[in-house]
Structure formats: structure tokens, C-alpha cells
1. For Q215, are the conditions met, namely being under 28 Å from N403 (Cβ atoms), at pLDDT 95 or above, of a type outside the set (G, A, S) and surrounded by fewer than 22 Cβ atoms within 10 Å (Cβ to Cβ)?
2. Do we find that V103 is of a type in the set (A, V, I, L, M, F, W, C), within 21 Å of T186 (Cβ to Cβ) and touching a residue at least 60 places away in the same chain (Cβ under 8 Å) in this structure?
3. Which of the following residues is surrounded by fewer than 21 Cβ atoms within 10 Å (Cβ to Cβ) and either assigned to a helix (DSSP H, G or I) or on the phi < 0 side of the Ramachandran plot (or both): P250, P228?
4. Kindly establish whether T167 is assigned to a loop (DSSP other than H, G, I, E, B), among the polar types (S, T, N, Q) and more than 21 Å from the chain's Cα centre (by Cα).
5. Can you name the residue in segment 253-282 that is of a type in the set (V, I, T) and part of a loop (DSSP other than H, G, I, E, B) and is also nearest to the chain's Cα centre (by Cα) among such residues?
6. What do you reckon, is R242 over 22 Å from P412 (Cα atoms) and either surrounded by fewer than 19 Cβ atoms within 10 Å (Cβ to Cβ) or not assigned by TED's automatic domain parsing to the domain that holds L70 (or both)?
Amino acid sequence: MGLLKICIAAGFLASVTPPSISATLTSDVSDEGKVIIILNGDIAPGDADQLHRLIEVANNSGRIVSGIRLNSPGGNFSEGVKLAEGIRFAKIASVIPNGSTCVSACFIGFAAGAEKFASYSASVGVHGASDQNGRETEGSNAVTVVMAKILNELGVSADIIGRMVVTPPDQMVWLSPDDLRTMGTTLTGKPPPPGFVEAVRHFNSLDVDAKATYQIMMTAAGYWRQIPRPDYSLQLFEDTKRFQSDLGHPAPGVLTEAEMDRLISLAIPNLRYWGFQQMQHPTRGHPIWVPMGIGGKIVPDKNGVRFEGSGVEIQYQYFPNAQLEGMFTMLLNMMIRDGNNILYRVMRKGFLVISAEKDGTNQYLRYHKDGGGLLGLVIRWQNNDAPLYGGRIMTLVSGSLSNQMLGTPMMPLPNHVIHGPWEDYQPRVKPPGG
């Protein structure tokens, strides 16, 4: 029996969860030329239609849609059923990637995959339905029964369905790797270390601002050397544990409120010293952070604008008509020819990054496609020690550009006119899971 027919037979096609903003559905092409659809965010009316359009566009271009990657906290029940119907009809795989979450209505779509893959670090959960106000009612209980019938139709085990039915909508049953295997799921990656999955769930419970601010505080305090990201990682887990160990505390990888306060107290003096302000490109806009507090000035540059600071230089440049591959090859060859030690290099879809060192001078380059050319920055510094901590400045400046070009998380520019040592940050920061 079709999934929608089960809903129609029971009289349920209306929303049974609080209204939400539609998920973002995009597509990407793998190295093998196959299309992968990516779903991020709450499931809401219109998402199933967008899935159908993306599949149609791929098919019309002669490409095969191999699967859909899911990262969603759930949403509209009936739209989740429509998504599942579309996934099952297209006979594509469903995938929950590393560090992603798929719960509630998202789980229906996952169960519909012709093949199912989930990372060991993914969080997959089920619970009963709620009404539009998030309450458990007689009507929502009836919807839970319908959901159970649909999941049974999709091959979900009776044990998982039974636990879903008895779990209130404000609680969650998290599925183990063994649970997922009972429904034919292939687990990917390596089993995570103890505590990692719990830390992922805590991190995913934070809003975007809190995720960004948590990582920026870790960077400013010297414990996190990557730009803020929307998903959790094993490296962030290990760095959080290292911070807890340095405090002499047990290190489960999830900060307590007192530990978060301590992290903030370590970060704020550095953020104050750096005194970040915005610098935007004169023709492209896209403001980035620059550490005006260390002393320096912003001056015009040949291809844009430049910050000349005490121990740090930042060039913000735009090259019209430049191509990513050609720029990457040219910069890399030029830096190697000049005797630089290449520390890191990567070129991905839409951007490049090169990090290098020569005679005590560090250099970091990051360029993104923008319009018909490339917009990017070059950061040079010599001192990674206190009080400058040039490497930490580089990470935060790079994160501000990534936020402008890719939409990665970033907290608002720090405001240092505050009454206490870190009061401005407390309203938007809470310990992951706190």
C-alpha cells in the first residue's frame, strides 16, 4: 500500500507539527558524475515538490540521482511522508552523514531509502507525534498510529516502532547502530570514541549563533584552530576534552556551565585586545573582520584594500575573470619557488586555501568564486605567541570571509562596551546540551 494512501485512509494529510521554515534542498555532483541531493533543516510543505524538481532536472540532464543526504530535526509529518514517497519512488539511497541528525519526520524519509547509510557519528531518533502547538493529544496519538503503519510498510523493525509509539513528543529515543542494522542500514566510518555521539546531540541542540560563539570562544582561548562550522567534528570533541583536562576536570567532551564560563573568561581578554572591526572590499562588499585593536590602519590596495597592523597584514583582493584552478596552481607554484614550506593546501568546489611558512613568517591565502572572478584574502604574521596570537587572528578572519561567501556560522562582531568581563556573550552562549 502506498504511503500517502495510508495517510489518506486515516484522514491525515494536514500538518501535525508546529509550522516551520522549509528545509534547504540542493544538489551536488559526485566525482563519478552522479547527483546527490542534500536536505538541511526543518521539513515543511513544498519540500517534496523541490525534491521532485531536483530529480527531474538531473534526469533531464542525463544524470543519475544516487541518493539524498539528510540532516533535519524533523518537521511536518505529512510532508515527511511525501518526501518518503518520492525517495521510494525514485529508488534512491538515503544517507545520514558524519555528525548529522535525522529525527522525527526525517526518519520517515530515511526509512524509505532503497539503500540506507548512516555514519556512526550520526544521531537518529524517533518519538510520537504532536499537534501544531507541540502537545500530545488524542489527534496526535492517532497520527502516531498512522506513522507506525507507514514505518512498518518501510521495513522498520517492530522494536523501533514500539519504542516510538510510547515515547512522548517532547522526548526522544536515540537509535543505536544495532537498531539501525535491523532495518538494513549500513554503518559508515569508524565507531566513535565514548561520549562522542552524546556530544554531537548536545551540539546539535544549540542554535546557529550559539554553535558559532562556542567555537569562536574555543579559538580565542587557544583550543580550536578551525573556522566555525555548523556540524560537530571529532576534532572539536577532542579539543573540548583537552580544555577540560587542562582544567583538571573529567573530560567527557561536553562542557558544564562553569566550564563554559571559564572558557569565556579566557577568550574575552584576547578578543578585547584584538578589537575586531569590519573591513569590506571597495567593489565587492562582503565585510570581513580585522584586528584594529592591535594598532594599524586600513589603506587602499591595488586590487582592493589592505589592513596594515602591528604584526599582522591582511590584503583583501578581487581578481576579475580569474579562474579557481588556474589561481590555485599559480599561487602554489609561486610559493614553492619562493622557498615557502607548504603546511596545508586544498581546493574544493568554489574556493581554495593555502597555508605556508618561511623564515618565521606565516602566510594564509583563501579565495572564493565571486561573480566572474575570485575574492579573497592574504594574511601574513610572525608571532603565534601572546599577546598577538597571530594564528588565532587568522582563524577568525578566515571564518568571517567563509561566513560571507559560504554562509558558515559566525557570531556578531564582538561588542566590548560591557559591564562585566563577559556579560555581552552570556545571553547567546550556553554549554552544549546545557
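1. Answer is no for this residue.
2. On the way: of a type in the set (A, V, I, L, M, F, W, C): yes; within 21 Å of T186 (Cβ to Cβ): yes; touching a residue at least 60 places away in the same chain (Cβ under 8 Å): yes.
It is true that V103 is of a type in the set (A, V, I, L, M, F, W, C), within 21 Å of T186 (Cβ to Cβ) and touching a residue at least 60 places away in the same chain (Cβ under 8 Å).
3. Numbers: P228 fails: surrounded by fewer than 21 Cβ atoms within 10 Å (Cβ to Cβ).
Answer to the check: P250.
4. It is true that T167 is assigned to a loop (DSSP other than H, G, I, E, B), among the polar types (S, T, N, Q) and more than 21 Å from the chain's Cα centre (by Cα).
5. Looking only at segment 253-282, we keep the residues that are of a type in the set (V, I, T), and these are 254, 256, 264, 268.
Checking the rest, the ones that are also part of a loop (DSSP other than H, G, I, E, B) come to 254, 256.
Values: V254: 18, T256: 22 Å.
If we take residues in segment 253-282 being of a type in the set (V, I, T) and part of a loop (DSSP other than H, G, I, E, B), then V254 is nearest to the chain's Cα centre (by Cα).
6. yes
Per-residue answers, yes or no, for (1) assigned to a strand (DSSP E or B); (2) over 30 Å from the mean Cα position of the chain (by Cα):
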position	(1), (2)
Y316	yes, no
E325	no, no
M334	no, yes
Y344	yes, no
I354	yes, no
E357	yes, no
Q363	yes, no
Y367	yes, no
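Here's the yes/no breakdown for (1) under 25 Å from the mean Cα position of the chain (by Cα); (2) within 24 Å of T24 (Cβ to Cβ); (3) surrounded by 23 or more Cβ atoms within 10 Å (Cβ to Cβ):
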| site | (1), (2), (3) |
| --- | --- |
| C102 | yes, yes, yes |
| C106 | yes, yes, yes |
| A114 | no, yes, no |
| N141 | no, no, no |
| V145 | no, no, no |
| S157 | no, no, no |
| G162 | no, no, no |
| S176 | yes, no, no |
| D179 | no, no, no |
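The values are calculated or read from the model by the stated rules, or taken from the named source; none is laboratory data. Computed from a predicted structure; not experimentally measured. Cβ sites come from the backbone with ideal geometry, for glycine too, and all protein chains shown count toward neighbours.
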